[in-house]
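Worksheet for the structure shown next.
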Amino acid sequence: MKSSLEVYFVIVFLFSGMIFGQTLSGDYRVLGGRRIKEIIIRGNSKTKDWVIRREIYSQVGEPFDPQLMAEDRNRIDNLQIFSEVRITPIPSEGDTSITLLVRVKERLNFFPYPTLDWTEENGWMYGGGAALENFRGRNQKLYFEGLFGGVTNFFLKFSDPWITGNHVSMGIKLFRKERENRYEEFYETSYGFRLSAGRYFSEYIKTKAEGGYLSLTADRAGKTISPSRRDHLPWARVILCYDNRDLYYNPHKGWLNTFSLSHTGLLKQDQPNFQSFTADVRRYLPLWFDHVLGINGLLALQGGRVPIYQGFYLGGVATVRGWDPNSRRGRNLFLASTEYRFDLLRKKAYTEWFDFGLGGVLFVDSGIVWDTGDQCRWSRGLTGYGLGIRLFMPIVGVFRIDLAWNTRGQIQWEIYQGAKF
């Protein structure tokens, strides 16, 4: 009986996606090939015109391409500073040219917010913060947040995605955190900073260099590499990324492949000193009824003097849903996830400052962690599966609620801010 109800629930869930996920849009193919006479932007009272225009590849004097116009709309939407973006080709009177009218609705650029959160590792947390998005109308972002409860955490973060040249970017983050590390059973006090700089080498190939420092102190011996109970972890990382997704917040097609190499620590024997390699491959395949099949493979390897708090924990909302966090632990990780996604309510702007969308998902996660080669056996892995909903909102981005089963038949609710992949 239980299995029959589960199957019935899944069928109803899918059918609702087929009904409510479909939308109709204008067909502008009949205007294809006409010369673009002018590009007009409306609705940007704060945002600089050039922030929008540099995302528009359609050019005045060139033939109109409806597909390119759709990609222009997605690029502007990916700035994540507008609640709505529309591009309409308007035929000119008296000739065969057209005018492209770009209409945007700006989100609030300053947004104080309360925070109430719960994670499997840290428990309940409360606090608040402030987000200053589209700072100075240049798509710069400034965030501050303070949390209390299971974690006492403060951070200040600033980023500019396009300073000059070909998407030359920069970012900085300062943070301090205190918490009871429940997995490793010690009280942790840490602080540090992160600096980053990046650029595009083509429309889809991106690079980034990052560096920073982490100081971590434990309240008891044996939890750090250093006998003084304080580890110093300077680190540097290089990242290569191929990204041709159509939409960042909810991709319907494309690839996101990210590869990184990093070094962390000092050469001193009483301090951490290790290297890391990560390969994160994500594929989004468009299906029928505007549904999407998302596939993700993640490999993370570490070698050297790796402290226990830098290991991986298998199980839970970020790895294999349906299992308790810390069901397995190790210094190396492999994850494979598949999600069948569909829109229940296509994201749209309801007010000038609030846009909202709702999606559904069916998923399967599998993974394994290990320290040594002989432990790298799939018989030590975990698998979970389930279904869930996705809420797309400003500031928060993606908020997900999942109902997950593991292979032992146990059921768990998984709630988290941010997409799985």
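The values are calculated or read from the model by the stated rules, or taken from the named source; none is laboratory data. Keep in mind the model is a prediction, meaning the values are calculated, not measured. Cβ sites come from the backbone with ideal geometry, for glycine too, and all protein chains shown count toward neighbours.
Before moving on, here are some points about what is shown:
- For the range 137-144, the criterion of being among the hydrophobic types (A, V, I, L, M, F, W, C) and modelled with pLDDT under 95 is met by none of the residues.
- Residue satisfying all of: in the range 49-103; of a type in the set (Ser, Thr, Tyr) and under 22 Å from Leu247 (Cβ atoms); modelled with the lowest pLDDT among these: Ser83
- If the condition is being more than 30 Å from Leu132 (Cα to Cα) and in a strand (DSSP E or B), then the range 403-421 contributes Leu403, Ala404, Trp405, Asn406, Ile411, Gln412, Trp413.
- Of the strands (runs of 3 or more DSSP E) lying entirely inside the range 323-392, those carrying at least 3 residues that are touching a strand residue (DSSP E or B) at 6+ places or on another chain (Cβ under 7 Å) and modelled with pLDDT of 95 or more are 332-349, 355-370.
- Test: Glu180 is within 21 Å of Thr264 (Cβ to Cβ) and in the same structural domain as Gly265 (by TED's automatic domain parsing): no
- Residue in the range 291-316 that is modelled with the lowest pLDDT, counting only those that are assigned to a loop (DSSP other than H, G, I, E, B) and of a type in the set (Gly, Ala, Ser): Gly316
- Cβ-Cβ under 8 Å pairs, at least 6 apart or on other chains, the range 253-272 side of a type in the set (D, E, K, R), far side exposed (fewer than 15 other Cβ atoms within 10 Å of the Cβ) and not in a loop (DSSP other than H, G, I, E, B): Lys253/Leu285; Lys253/Pro286
- In the range 387-419, the residue that is surrounded by the fewest Cβ atoms within 10 Å (Cβ to Cβ) out of those that are farther than 13 Å from Gly316 by Cα and of a type in the set (A, V, I, L, M) is Val396.
- Residue that is nearest to Asp343 (Cα to Cα) [pool: residues in the range 281-297 that are buried (at least 17 other Cβ atoms within 10 Å of the Cβ) and in contact (Cβ under 8 Å) with a residue 60 or more places away in the chain]: His291
- Set side by side, the residues Thr319, Thr278 differ, and just one is assigned by TED's automatic domain parsing to the domain that holds Ala236, within 30 Å of Arg229 (Cα to Cα), in contact (Cβ under 8 Å) with a residue 12 or more places away in the chain and part of a loop (DSSP other than H, G, I, E, B), which is Thr319.
- Among the residues of the range 24-32, some residue qualifies, meaning at least one is modelled with pLDDT under 95, farther than 30 Å from Gly315 by Cα, β-branched (Val, Ile, Thr) and surrounded by fewer than 18 Cβ atoms within 10 Å (Cβ to Cβ).
- Residue satisfying all of: in the range 71-118; under 26 Å from Gly33 (Cα atoms), in contact with an Asp or Glu (Cβ under 9 Å, 6 or more places away or on another chain) and of a type in the set (S, T, N, Q); surrounded by the fewest Cβ atoms within 10 Å (Cβ to Cβ) among these: Ser92
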